[in-house]
1. Collect the residues in the range 31-46 that are assigned to a helix (DSSP H, G or I) and either without any contact (Cβ under 8 Å) to a residue 40 or more places away in the chain or over 12 Å from the mean Cα position of the chain (by Cα) (or both), keeping them in residue-number order.
2. Looking at the range 176-222, which of the residues that are at pLDDT 95 or above and of a type in the set (S, T, Y) is nearest to the chain's Cα centre (by Cα)?
3. Kindly list, by first and then second residue, each pair from a residue in the range 176-189 that is touching a residue at least 60 places away in the same chain (Cβ under 8 Å) and outside any helix (DSSP H, G or I) to a residue that is surrounded by 15 or more Cβ atoms within 10 Å (Cβ to Cβ) and small (G, A, S), limited to pairs with Cβ atoms under 7 Å and residues at least 6 apart or on different chains.
4. Could you tell me whether I80 is surrounded by 15 or more Cβ atoms within 10 Å (Cβ to Cβ), at pLDDT 95 or above, farther than 25 Å from V200 by Cβ and within 23 Å of the chain's Cα centre (by Cα)?
5. Within the range 232-264, how many residues are under 18 Å from G79 (Cα atoms), of a type in the set (S, T, N, Q) and either modelled with pLDDT of 95 or more or not in a helix (DSSP H, G or I) (or both)?
6. For the range 289-318, what are the residues that are assigned to a loop (DSSP other than H, G, I, E, B), hydrophobic (A, V, I, L, M, F, W, C), at pLDDT 75 or above and exposed (fewer than 13 other Cβ atoms within 10 Å of the Cβ)?
7. Restricting attention to the range 196-240, which residues are over 20 Å from F159 (Cβ atoms) and among the small types (G, A, S)?
8. Can you tell which of I270, I280 is part of a helix (DSSP H, G or I), hydrophobic (A, V, I, L, M, F, W, C), in contact with a helix residue (DSSP H, G or I) (Cβ under 9 Å, 6 or more places away or on another chain) and on the phi < 0 side of the Ramachandran plot?
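The values are calculated or read from the model by the stated rules, or taken from the named source; none is laboratory data. Since the model is a prediction, treat every value here as computed from it, not as a measurement. So basically every Cβ, Gly included, is an ideal-geometry build from the backbone, and we count neighbours across all protein chains shown.
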Amino acid sequence: MSIIAVLTIIISSTLVYSAPLIFTSLGGTFSERAGIVNVGLEGIMVMGAFGAIVFNLTFAPALGSMTPWIASLVGGLVGIVFSAIHALATVTLRADHIISGTVINLLAPALAVFLVKVLYGKGQTDNIREQFGYYKVPGLNKIPVLGDILFTKASIPAFLAIVITFVSWYVLFKTRFGLRLRSVGENPQAADTLGINVYVLRYAGVLFSGLLGGIGGAVFAQSISVNFSASTIVGQGFIAMAAMIFGKWNPIGAMGASLFFGLAQSLAVIGAQLPGIENIPSIYLQVSPYVLTVVVLVCFLGKASAPKADGVNYIKSK
């Protein structure tokens, strides 16, 4: 197998597995930059995947190839609804952020599987016909070397996630909204004295995390699992949180970490095709993303500096 063929397999698969992590880690970045720890990203991804698959199965005959894209937006809207529960609990009711997120993680899979049984009479949905696949980008696929590697088997959701990463970075660090959002995650008291509505901005950060986390779940379900069951989203939200921490709460850093974890996940699928690791038992490659997640958290959590007011409830002084 040529080097170009090996690189094509590795990069195309990495991008497919990275896209859901990029979306979700960006969502976590917005939430925690606003001062709200969103452990519930896993549950939000579950509900986003559920909403997208149900929409896809229902409307694919009418919408055709546009179905996965519209279903991803539906997944994002479902994610907003679930993140609103977390925002209500943490911002308005001042509940513990970890407990609230854990409740969402426990609630989402049970609710989704229950609804699947109500709708379809079994524990999982049928496979979708309209899904995110590989695309050949006209024109760009003719570029020598890079065209074969990047644009012959391209993942459009992954490229979109990369674009949104840079947009998110610009919004967070170059706009007035981003400055205010970061201020309520660093020093909400000071922001309040300047007339910034801390509660509104914290709600905005959590709802953004719900939108992007729901889209992440929808992309995963429509490009990797192609159906929904209790095992569709297993650990993806926690890996996205690790990517956010590894990336130091910076959208570009989170994207880089997500690409790293996406590569680790993809090796379990493509490892048998790659020279040098084809003889490694697949079980080791399958557990490697989760082992890496633990290693990253152990090695970098103490060194990474979260926003100072991250996880701290704010009570407006009278």
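1. S31, E32, R33
2. Among those that are at pLDDT 95 or above and of a type in the set (S, T, Y), it is S209.
3. N187/A309
4. no
5. Here the count works out to 1.
6. I315
7. Passing the criteria: A204, G205, S209, G210, S225, S229, A230, S231, G235, G237.
8. Values: I280 fails: part of a helix (DSSP H, G or I).
Only one candidate qualifies: I270.
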